[in-house]
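The structure under discussion appears below in the form of structure tokens.
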Amino acid sequence: MKIRALGLLLAALCACGRKAAESEAKPSALESAVRMLAAAPPCSSRIPQEWSPSRPVPTLAGGSLRYRIFFFGREGDPTKGFTFHAPQGEAAFTPAGRVLDCRRLAGPPRTIARDARFDSTPLADILARSSELYSRTEAVAALFASGRDPGGEGRAKIAAFCRDFAGLADPSHAAAYRALAPDFWSWVEKNGGSAPAPAK
Amino acid sequence: MTRLFVLVVLSLLSAENAAAAADGAVVSARAQAARACGAVPESCAEAEAVLDGYLELLKKANACVRKPCSVETVSTIYDRDWELDKREHALPAAARAHAGDRPFLRLSLLVLGRGAAAMAAADPAARTKRKWRADPEMSRTLGALCGRDAEYCSLANSVLSRARGVRAAAQRCEADPCGLAELDRQAADMEHAVGDYYFKLEDRVAFDGEPIFAILSETRTHLSEMIARAAELKLGELEQGEAAASARMDALEKTPAGSDVSAAMAALEADRSALLEVYGDAAVGADRAISLVEADFTADPQRERLNAAVARLASLRARMSALRIARGLGGGAADESGGVAIPEAGARPAVYTGAYRPAGRTVAMDRRKVPLAPSGALSAPDILPDAPASLLERAKNIAGSDTMKRADALRRSGLTRTLGDPGGRAAFVHAQAGPMACAIVVQQQILLALGLLPKDDPVAQENALAEEAARRGFFDEGTPDAYNGELLIERGLLVSKQSGVGLEVLDAAVRRGGMVIANVDARPLWDQRSNAPVGHTVLVTGAEIERFGEGKTLGYYINDSAPPVGAGRFVPVETFRAAWNGLYRTFAEVR
């Protein structure tokens, strides 16, 4: 009984300090859209929920900003580590997260080289960097869609985006990223940035 | 690898490519008009009028691509194109064709392609509003393709033949309504036709193939609407049946204590079983309809109504059980019934794989008793294997920031309560054999826990279920979210589904004590240091909640089939929240 009373007291004292831990930074609109993409029709019946989404890449359709993304499966398990596949599905969606098209790609799954850059990075750091890249993607996409000269400040944003993109996107998916939105990468390169480069 | 989404293909093509294609088609069409004037002078004026008409439409369509027009404006482009096409057909052969080529037709296809891009710019959802005019467009497309390349022509014919087959079958069902099973078969066939287009044709036809895809797309949308209507009818039937059953239950509950209600209860039970079958049809039909929808899908009213129906059916089951106990007719949890699927002859293909034709729906209901998990003497595995050595250490753990240690110390101090049956359900998980079979293994565990599968070789069972799910189009290199729990629904179990919801909605479901299938980003669960989210499905078997304060959830017990298997593993709520928010935020609850 004493133990319970003591525990209860301690628990009550400690509970007040825990509210902050329960809240999570609100993700950007783009990050929210990507998280939900495979569960949004028509992806919800075509893309297995086990597959991973790639980084989204902006593109223009009829002058309107769209994002394109691919999905890929994996092999392995948590004990042995994972090896990811080349793209197995693709989708296009609006900045508000409405899926415009979603489909699977042909051919059997093909594994890509394992990206070991994150083996010693804490997951929290990876997630924070990922959220940062979503924000940078949105900023760069707005510049791209505006059709105006990004100027010095804009080019600095493009450079930061390219640096973060290269730091997080799997180099073995570089060709697939370039094929997703050639118009965007061409614009990036014209403004001093670099398109994803394959692993050496 | 040039993979273009054909419906938006022209808008995604670079301006230079589109311009080059347009220039080629325009030059050819101008040359053809000149040839027509030379070869058939009496048709010269008409050929030039057709040419001018197409050029004007092309200009209009391009303008609408650059600056979006209204859907109505873009629709007039299609209508006008159709009129010009009829006029082109009326020209003498020498005026409309040259060396197997039909330059005006190529210009028409260009207009259609730019029109599609203009429509996508106007409103991506508006494409479905376009009038369904498949036959003439098929003929025109084939006319253009077959004039250029025999292999092209053969592939296009094969794809269109499939599309025609589905369209004819769909039209028969339109005229004479057929059952959901037939529509379901057509839906799978349609997916094959679309798969053929993507895999065999698209890369080769890109630009000119847009009308082919438009036909497939419109047929698919048409089919989706029919399935949605059929599911809607089933849903209506279900709701009516529930209302009637509920009214009869009200009356039975009001009968005097000594009166004999056994016959009435037996009749009600038979009707409730029949309703479960209607529910299965409505639920699978609704999910299939979603699978054929192409775009602009913002909400699914059928799913909301299905979830409500599931809750009412579960309530009816509980009320019947309570009345049976009260009247000495047996009852209790072990007497509640559901259904078991019996495979029948005939196979159904997985969506997008193989070239065989799908058979009809392959399961039937068998009303056997379903023993539910016992309601008493529930257990939970230890949160941490070793108890703190001293009272002081336990107190420090309660006050500390380590969420695992805190939950463990609180539970060991009797300050928590376990909901669900994590201990009992832990026995049903095994290490998944297929790397993408987690959702299959989760359903297998539920079937085992409910006594709907015998305790047997778990891997053989997993493979058999994966094979069944693939035949039904629910599994192909993984399980799409829409088909989460479909094997359970087909066995007559009540499954409600939620998508894009907060953790508190899942929490409420877990607190009801049933089993919950949760789709998550597994990285936080496994501390997997990966740059890409890792989609995974786990079975939530229970929760540990505080007995004090607001009764907050401290964490969830999960069965995780990924090696090393987590059987009744406790996951602190903060870790689970990160996994939950990482992807999807969808779950299915077995009621």
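No lab work stands behind these numbers, since they all come straight from the coordinates. In this text, all values refer to a predicted model and were calculated from it rather than measured experimentally. Methodologically, a virtual Cβ is constructed for each residue, glycine included, from the backbone with ideal geometry; neighbour enumeration extends over all protein chains shown.
Worth pointing out:
- Whole-number Å³ per residue for the convex hull built on Cα positions in the range B:535-591: 102
- Compared with the dominant principal axis of the Cα atoms in chain A, helix A:2-15 is inclined by about 30°.
- Order by protection proxy (mean Cβ within 10 Å, highest first), peptides A:154-163, B:481-490: B:481-490, A:154-163
- For A:Leu100, residues with placed amide H under 5 Å, excluding near neighbours: A:Ala92, A:Phe93, A:Thr94
- Exercise: per-residue mean of other protein chain Cβ atoms within 10 Å, A:75-85: 4
- The range A:94-133: C-alpha gyration tensor shape, a/c 1.5 cut-off, then a/b vs b/c: oblate
- For the peptides B:262-270, B:68-76, the ranking by packing is B:68-76, B:262-270, with the highest mean count of neighbouring Cβ atoms within 10 Å listed first.
- Per-residue ³J(HN,Hα) for the range B:437-443, Karplus 6.51 cos²θ - 1.76 cosθ + 1.60, θ = phi - 60°, Hz, x for Gly and Pro: 9, 4, 5, 5, 5, 4, 5
- Cα gyration tensor shape of chain A, rounded if a/c is under 1.5, else prolate or oblate by comparing a/b with b/c: prolate
- Distant-in-sequence amide contacts of B:Thr541, defined by a placed amide H-H separation under 5 Å and a gap of 5 or more residues or a different chain, comprise B:Tyr557, B:Ile558, B:Asn559.
- Across the range A:54-59, rounded Karplus estimates of 3J(HN,Hα) from the backbone phi angles (6.51 cos²θ - 1.76 cosθ + 1.60, θ = phi - 60°) give 7, 6, x, 10, x, 8 Hz, Gly and Pro being marked x.
- Karplus-derived 3J(HN,Hα), 6.51/-1.76/1.60, for each residue of the range A:92-109, Hz, glycine and proline x: 10, 8, 7, x, 7, x, 7, 7, 8, 7, 7, 7, 8, 9, 6, x, x, x
- Prolate/oblate/rounded call for the range B:378-491, Cα gyration tensor, a/c under 1.5 rounded: prolate
- Cut-off under 5 Å, modelled amide H: who pairs with B:Thr416 long-range: B:Arg547
- Take the convex hull of the alpha carbons in the range B:437-591; its mean projected area over all directions comes to 9.2 nm².
- Across the range A:45-96 the C-alpha pair distances fall into 5 Å bins from zero in the proportions 5, 19, 23, 18, 15, 10, 6, 3, 1, 0 percent.
- The calculated pair-distance distribution of the range A:133-195 uses every alpha carbon pair, bins of 5 angstrom beginning at 0, and gives 4, 19, 31, 30, 12, 4, 0 percent.
- Rounded to the nearest 20 debye, dipole of the range B:443-535 from Cβ charges on Lys, Arg, Asp, Glu: 300
- Euclidean distance between Cα centres, the range B:502-564 to the range B:220-275, Å: 34
- Residue order, fewest to most surrounding Cβ atoms within 10 angstrom, among B:Phe548, B:Phe576: B:Phe548, B:Phe576
- Rounded to 10°, Cα long-axis angle of helix A:151-168 versus longest principal axis of chain A: 60
- Averaged over B:476-486, number of beta-carbon atoms from partner chains that fall within 10 Å: 6
- Peptides B:493-500, A:123-130 ordered by packing proxy, namely the average of other Cβ atoms within 10 Å per residue, highest first: B:493-500, A:123-130.
- For the residues of B:533-542, the average number of beta carbons from a partner chain within 10 Å of their own beta carbon is 3.
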